[in-house]
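See structure below.
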Amino acid sequence: MEKLIIEGSRELVGQVTMSGAKNAALPLIAATLLAPGTHELTNVPDLRDTRTILAIISELGCVWRRQDSTLFIDSTNVDYSEVSYDLVKTMRASVLVLGPLLTRLGRAKVSLPGGCAIGERPINFHIHGFERLGVHCTLEHGYVEAWRDTELRGSTIHFDIPSVTATENLLMASVLARGTTVLKNAAREPEIGNLIEMLTNMGGDIEGKGTDQLTIRGVSKLKAARTAIIPDRIETGTYLMAIAAAGGQATITGCQPRHLPALLDKLMEAGVEIDCGSNSIKVNMDSQRRKRLKGVDIKTMVYPGYPTDLQAQFMALMSLSSGICVIKETIFENRFMHVAELRRLGAHIRTEGNSAVVTGRGPAGLSGARVMATDLRASSSLVIAALAASGRTEISRIYHLERGYENLVDKLTGLGARVWKENE
C-alpha cells in the first residue's frame, strides 16, 4: 500500500489540464450496454472507479480497449445479467448497470453497492422507479434482483429528493420503454446532461436537459455512438482551492467554469481573484490576498447549489482564512470524517450535528503531520491542507484519491509542488 508525501509551503504556478469527469464516465460506460455495436467514448479518465466499471461490463460480455483517453467498447455479445459482490463492493455507481440490463436482457441481479462510507444512500428511488415502469424487484441476501415479464412501459415518476444515480438509471431504463416517461424533480447535474447527450446520439428522444423535469419518449431501437466525456468539475474545484490555499498564480485549462457557479461565487466572496474564460480559469492568489482570505459560510445543496463533493476541500481552505465560517452539510449525514484529520494538521474545527464551525488560523496556521484518508473527497481536502502547511505531511490510504483524481502527483508536480508516493 502506498502513501502520499507532501512538502508544503510552496506556491503553485503554471498551468494544469483537467481530466474527464469520473461521475459522467461511469453512467456513460454503463449506457453502452443498451445497444449492440462498438461505442466510442472520448476524454475518459483512467481511475480506479472507471477500471472497476469496465471490469463489471466485461463480466457481462463487453469487450473494450483503451487508446490514450478514448475507450472503444463492443457490447455486441452482452448475455450475462449478474454482477458479483467482489466487483460492486468498492463503488456505489455500479448500480447503474441495472437500468441497461433490464432494458437489454429483461433481467438483472446486482449486489447492493458499496463505496465511500459517507452516508446511507439507499437505492429505494431506483427500485420505486423501476416498479413504475413494470419491473419486479426483490432484495435478498445482499442482492437486488429485478426482471420484467413484458416490455417496459412509460410512466410518470416523481423523486421525493433529486437523486443523481436514480435519475441516470431511470433515463437508461426508459429510453426504450413503450410510450412516454416523465421524471419529475429529477437531478440537474451536468453529468446527467452528458448522459442525455449520449442517449440522444444513440437515437433516444429526450427533452428537458438541464431542468428538473425530463420527458423520455421511448424509441424502438438504439445504435452504438460516439460521445465525449465532459471535464470533471469536482477535480476543477479541487485544484482551484489547492491554488488558493497554497498561493501562487496558475491557470486551469480543459474545464467548464459554467458547471461551478456556486463554488466560484464563494471563492470570489472569500477574496480569491478568479478570471474565467470559456474553458479555463485563472487564479491569482499572491501573499497579500492569502493574508486577507475571508471566512465564508456554505451550505451544500443539489445542483446548481454548492456541491457536497467540494465541501471537504472548502473546509481545508477556510482553515487558512482570517475569519470564521459555518459549513452546513445537507446531502450526506456522515460527511465530516475529514475533520479529525484536518485537526491533526492544526485546523480549528468544531462540529455540531450536520454543521461545522471553522475558525481560520491564517495562511501560516497549519503544519505537516501524519494523516489518513477516509473517503475520496476527504482525502483531497488533506492534500489541499498539506500543500499550504509548513513541513512534511504523510497521507496514508491514498487508494481513495486514486478513485477520483487522475495523475494527481504529476499534475501537482507540474505546478511546482513537492509531492511523491512511497510504500507504507
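Do the conditions hold for residue 44, that is, is it at pLDDT 95 or above, under 22 Å from residue 190 (Cα atoms) and either β-branched (Val, Ile, Thr) or outside the structural domain of residue 413 (by TED's automatic domain parsing) (or both)?
When the stated conditions are applied, residue 44 passes them.
Hey, can you tell me all the residues within region 396-411 that are closer than 17 Å to residue 313 by Cβ and assigned to a loop (DSSP other than H, G, I, E, B)?
398, 403, 404, 405, 406
Can you tell me which residue in region 85-101 is surrounded by the fewest Cβ atoms within 10 Å (Cβ to Cβ), limited to those that are touching a helix residue (DSSP H, G or I) at 6+ places or on another chain (Cβ under 7 Å) and not in a helix (DSSP H, G or I)?
Going through the qualifying residues, I end up with 90.
Which of the residues that make up region 249-304 are among the charged types (D, E, K, R), farther than 24 Å from residue 163 by Cα and either part of a strand (DSSP E or B) or outside the structural domain of residue 328 (by TED's automatic domain parsing) (or both)?
Those that are among the charged types (D, E, K, R), farther than 24 Å from residue 163 by Cα and either part of a strand (DSSP E or B) or outside the structural domain of residue 328 (by TED's automatic domain parsing) (or both): 273, 275, 282.
Does region 182-196 contain any residue that is among the acidic types (Asp, Glu), at pLDDT 95 or above, within 20 Å of residue 260 (Cα to Cα) and in the same structural domain as residue 135 (by TED's automatic domain parsing)?
The first filter runs over region 182-196 and keeps only residues among the acidic types (Asp, Glu), leaving 189, 191.
Among the residues that remain, those that are also at pLDDT 95 or above are: 189, 191.
Okay, now just the ones that are also within 20 Å of residue 260 (Cα to Cα), so 189, 191.
Retained after the next criterion (residues that are in the same structural domain as residue 135 (by TED's automatic domain parsing)): 189, 191.
Yes, there is a match, as at least one residue in region 182-196 is among the acidic types (Asp, Glu), at pLDDT 95 or above, within 20 Å of residue 260 (Cα to Cα) and in the same structural domain as residue 135 (by TED's automatic domain parsing).
Identify, from the list 268, 285, the residue that is surrounded by 14 or more Cβ atoms within 10 Å (Cβ to Cβ), among the aliphatic types (A, V, I, L, M), at pLDDT 95 or above and within 17 Å of residue 317 (Cβ to Cβ).
Unique residue meeting the criteria: 285.
Taking only pairs six or more apart or across chains, which ones have beta-carbon atoms under 6 Å, a first residue in region 307-322 that is touching a residue at least 40 places away in the same chain (Cβ under 8 Å) and of a type in the set (Gly, Ala, Ser), and a second residue that is crowded, with 24+ Cβ neighbours inside 10 Å and assigned to a helix (DSSP H, G or I)?
312/338; 312/377; 312/378; 312/381; 316/381; 316/384; 316/385
The values are calculated or read from the model by the stated rules, or taken from the named source; none is laboratory data. Values in this document were obtained by computation on a predicted structure and should not be read as measured data. Positions of Cβ are backbone-derived with ideal geometry, glycine not excepted, and every protein chain shown enters the neighbour counts.
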